[in-house]
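Scroll down for the structure; my scribbles are underneath it.
The values are calculated or read from the model by the stated rules, or taken from the named source; none is laboratory data. Predicted, not measured: the structure shown is a model, and the values here were computed from it. In this analysis, Cβ positions are derived from the backbone assuming ideal geometry, glycine residues included, and neighbour counts consider all displayed protein chains. Heads up: the accessible areas ignore ligands, DNA and RNA and are worked out on the full protein's heavy atoms, side chains in. Shrake-Rupley method; radii C 1.70, N 1.55, O 1.52, S 1.80 Å.
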Amino acid sequence: MKIATSYLLLTLTCMSSIAYSQVGIDTTTPQASLDVLGKSADVSAKDGIIAPRITKQQLASKTSGTYGALQNGTLLYVSDITAPTGTTPSLGQVANVNSIGYYYFNGSVWVNTGNTSTPVNIYNSNGTLTDNRTVTQNGNTLSFTGNTANAFSVDGNTFSVDAANDRIGIGTATPANKLHVNGTDPLRLEGITSGNSSTDRLLVADTNGVVKSIGSLGSLSVPTPAIFRLESAQTNFLNGVGAGASSVIPMTVVKNSIPGLTYNTGTSTITFPAGSYQMTVVYEATHNNTGCTLSSYIVDFPLNASTTRIHNTASHIEGNASNHGGTITYATTVPAGTNWQIRLGRGQSGNCSGTGMTLAANSTQLLVFRIGD
């Protein structure tokens, strides 16, 4: 007993002498308040420091006030995370103890020291960004999986994802369609390229604002025009041309809104895309030959892969006041690539021939309307 007492006194004396110094274990030159040197030469030695080991139940059972600000930085090892039973004053201090490992006390709760478990994150708590953040994916994907309405949202109903019904809402958190946009002037599209009025589909909105297609202009038979005009008067037109024959009218293009329709000015030839058309030849002329009082004209309009002839006869007085005019209209269908030359011919029911006829400029025109597929 005397020996033990003497040893205790010696130990206390030694401890007091280093109370304000640094302590070394297996080293005579400690480099910190407590410096433990590993037994590298002894392969059987178990190096390390074992912190107090305790269960989550035991930690939660500590009475209120046991851990507080004075215990900031306290370190221990939680060896069992079985959920505590009953209600204890310090139960909230172990709210983040959800895995076996080392924990430190931060003045209010126990915090896991490992890098694999963060005490506050988007998976277990709300939070606030303290600065701008950027996620660099580097070729990796970022996916969200949900099964409820409004499973993901931005600022309430600014943007809402309905994962239960595979819908997206902008300006609404209750989507009625795959994409539901709610707001004043809800849609603006910039950079839209030109389309094809014959084949592209038209969009309309019903009374609920749901966008639907009603087909193309061609399928709706909405007319699209092409206008051709005679720019220079043609004197002695049809001179030497007998009944049933015709001459080319050298027109120019004023407007062409028909996709796929082309015009060769050199030959006065139109190439049509397939479709239905309404064609109208408007002519104005004089024929001052003696005895000329009845002018008859013909136009051979394209029809399918052939042509069909339409007559028009104009009565007028003889001489310099023999102005007359008329229109010849025909509705037709043609296959793709049909070539048709603009011509006006002499009919069989008139009494005019030879020189003296002038086909007027500007007032002589051809109007072509595409009226459907």
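Quick notes on this one:
- R0 of 56 Å, Cβ-Cβ distance D166-D26: FRET efficiency to nearest 0.05: 0.30
- Two-site label geometry, R309 and N351: point separation in nm, points 7 Å out along Cα→Cβ: 2.2
- Convex hull volume per residue in cubic angstrom - Cα atoms of the chain: 336
- Built amide H within the under 5 Å cut-off of T55, gap 5+: S79
- Accessible carbon and sulfur surface of the chain relative to its total accessible area, %, 1.4 Å: 53
- Average accessible surface for the chain: 63 Å² per residue, computed with a 1.4 Å probe over protein heavy atoms with every protein chain in place.
- Region 133-183 versus region 294-341: alpha-carbon centroid distance in Å: 63
- Förster radius 30 Å - calculated FRET efficiency between A69 and D47, Cβ distance, rounded to 0.05: 0.35
- Debye log10 I(q)/I(0) at q = 0.13, 0.17, 0.18, 0.25 Å⁻¹ for region 235-328, Cα point scatterers: -0.56, -0.90, -0.98, -1.50
- Helix 2-17 axis, angle to the chain major axis (alpha carbon atoms, nearest 10°): 50
- At R0 = 41 Å, FRET efficiency that the Cβ-Cβ distance of N106 and N157 yields, to 0.05: 0.60
- Largest GNM mean-square fluctuation among N132, N236, N362, using the chain with Cα springs under 10 Å: N132.
- Here is the list for region 96-204: trypsin sites (Lys or Arg not before Pro) lying in DSSP coil, each with at most 15 other C-beta atoms within 10 angstrom of its C-beta, are R133, K178, R188.
- Mean separation of Cα contacts under 8 Å (6+ apart) over length of the chain, as relative contact order %: 13
- Within the shell of other residues whose beta carbon sits under 14 angstrom from the beta carbon of H287, the net charge comes to -1, with Lys and Arg scored +1 and Asp and Glu -1.
- Proximal lysines to K178, defined as alpha-carbon separation beneath 24 angstrom and excluding residues fewer than eight positions away on the same chain: K212
- In terms of the mean number of neighbouring beta-carbon atoms within 10 Å, the peptides 285-291, 38-44, 79-85 order highest first as 285-291, 79-85, 38-44.
- Top of T332, T235, T130 by mean-square fluctuation, Gaussian network on the chain, Cα under 10 Å: T130
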